[in-house]
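To start, the structure under review is shown below, and the notes come after it.
The values are calculated or read from the model by the stated rules, or taken from the named source; none is laboratory data. Everything numeric in this text was worked out from a predicted model, so none of it was measured. Here the Cβ is made from the backbone with ideal geometry for all residues, glycine too, and neighbour counts use every protein chain on show.
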Amino acid sequence: MDTRTLFRKISQKMHADFEAAAQINHSVSKGTFRENVLKDFLAEGRMPYKYGIGSGEVVGRVRDTSKQCDLIVYDRLNGVKLLYDEAIQVFPIDCIYGIIEVKSTLSKEELIDSLTKIKVLKSMAPRDAVEQVLDGGIRLVHSRPIPFGAVFAYRLADNSLDSLLDNLREWERDTPASLWPNYICILGTGTIYHYKRTFEICLDSFEITSEAWPSTLSYGEDSLFQFYCAIHDMCAHMDLGPVDLMHYYKPPVQIGKYVVSGSSEFRRIKNGALEKKTQLTEAALERIVNWCGVHGPIQYREVLKKQLGPMSPESSLNTDTLNQQVYLYNPGNLPGLHEIGENPVRISETGAEYASPCLASSITLDIDQRRYVIALCALTETDFEEVQRM
């Protein structure tokens, strides 16, 4: 069998289906039809069963969500769908191989739209390790693969492959290489992907570095075959590992450049009324991290002694907890509860409160996986902002 001829016939049929979709007046229905043509092409036995094809959104581990994705390639065997509907699904990023953005015509504007969606998805990807336990207790550890991002278009707009390449280069100049697309295909025309300095193709996400450069190849009617091979091979090269759903039960939040977990949201009482949810601002977090970085960590048992003195509950905590290294943010050198008088707690209309500012009034947060005990009295109103998340 001549495989290239077979795929050229399929390519011609996809072109015919694309033209037929032009008769559909509703733009959403037209777009869905064209996405389904490509979805059916991949799903009808051409991709191994373990690679599922869906559409919808991807959620990350820090309460972040991708934009609406045309096609999502996911792990059908070990992955999960957090939400399923015939029209849309929601997947955890752990079980995602990649996304494919489908365009009718690939203008500069449509290219940038696709690149933005790919950038958002790749920026969500966890940068941790995947561990597998083999027979005999052998453990294999490798970096978690970054999902791929591909673009598929049925035709060019009033442009060319070379002009698209210029648009891509312009966009990549201001974007980290870890967020660049993996593959771009225009049916019946050609493809765009990256090369190494050794002139080898960079297909997988980990191969695409700042030293790679994008290039075009005018495959013509063989473009579909090249695209199919690229999608299959990128998936085959990725070992996603198991999905740990506990990451999604109470995920950390992204506040500016910081990832924050713990009791990061606050509801304070003001004038007898409960305020809306607030969180620390990025500027406040930066000040806390910088100050603590200068003063260094201490053992948690020392924090308890500073906060509570003789009332420190050391005997009820295990040694690992007491010996844990934490950062204490106390720039005003606030006194402990045992240092503010004989009656350190008083009752007011809003409940029990400390008689004067002290270190016992604090919060504990993990900022970029380091634990901080933060004196609340060292913070001001400008250190908080209203939470905008749902």
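With the condition kept exactly as written, say whether any residue in segment 173-182 is among the basic types (Lys, Arg) and either touching a Gly at 6+ places or on another chain (Cβ under 7 Å) or surrounded by 14 or more Cβ atoms within 10 Å (Cβ to Cβ) (or both). No, every residue in segment 173-182 fails to be among the basic types (Lys, Arg) and either touching a Gly at 6+ places or on another chain (Cβ under 7 Å) or surrounded by 14 or more Cβ atoms within 10 Å (Cβ to Cβ) (or both). The residues in segment 38-57 that are in a loop (DSSP other than H, G, I, E, B) and closer than 18 Å to Gly79 by Cα can be counted, and the count is 4.
Which of (1) in contact (Cβ under 8 Å) with a residue 40 or more places away in the chain; (2) over 25 Å from Asp233 (Cα atoms) does Arg173 not meet, given it meets every other one? (1) is the only condition that Arg173 fails.
A Cβ distance below 9 Å, combined with a sequence gap of six or more or placement on separate chains, defines the contacts here; from segment 236-255, residues that are over 19 Å from Val80 (Cα atoms) and part of a loop (DSSP other than H, G, I, E, B) reach residues that are acidic (Asp, Glu) and at pLDDT 80 or above in the pairs His237/Asp204; Pro252/Asp366. Screening segment 295-386 for strands (runs of 3 or more DSSP E) wholly inside it with 2 or more residues that are in contact with a helix residue (DSSP H, G or I) (Cβ under 7 Å, 6 or more places away or on another chain), modelled with pLDDT of 80 or more and in the same structural domain as Glu265 (by TED's automatic domain parsing) returns the ranges 325-329, 362-367, 370-375. Here Val130 qualifies as in contact with a Ser or Thr (Cβ under 8 Å, 6 or more places away or on another chain), touching a residue at least 24 places away in the same chain (Cβ under 8 Å) and assigned by TED's automatic domain parsing to the domain that holds Pro48. Check whether at least one residue in segment 139-148 is over 20 Å from Asp244 (Cα atoms) and at pLDDT 95 or above, and report yes or no. So far as segment 139-148 goes, yes, one or more of its residues are over 20 Å from Asp244 (Cα atoms) and at pLDDT 95 or above.
Checked against the criterion of being assigned to a strand (DSSP E or B), more than 17 Å from Ser218 (Cα to Cα) and among the polar types (S, T, N, Q), segment 164-176 has no qualifying residue. Of everything listed in (1) out of contact with any Leu (no Cβ under 6 Å at 6 or more places or on another chain); (2) within 21 Å of Phe152 (Cβ to Cβ); (3) touching a residue at least 24 places away in the same chain (Cβ under 8 Å), the single unmet condition for Leu82 is (2).
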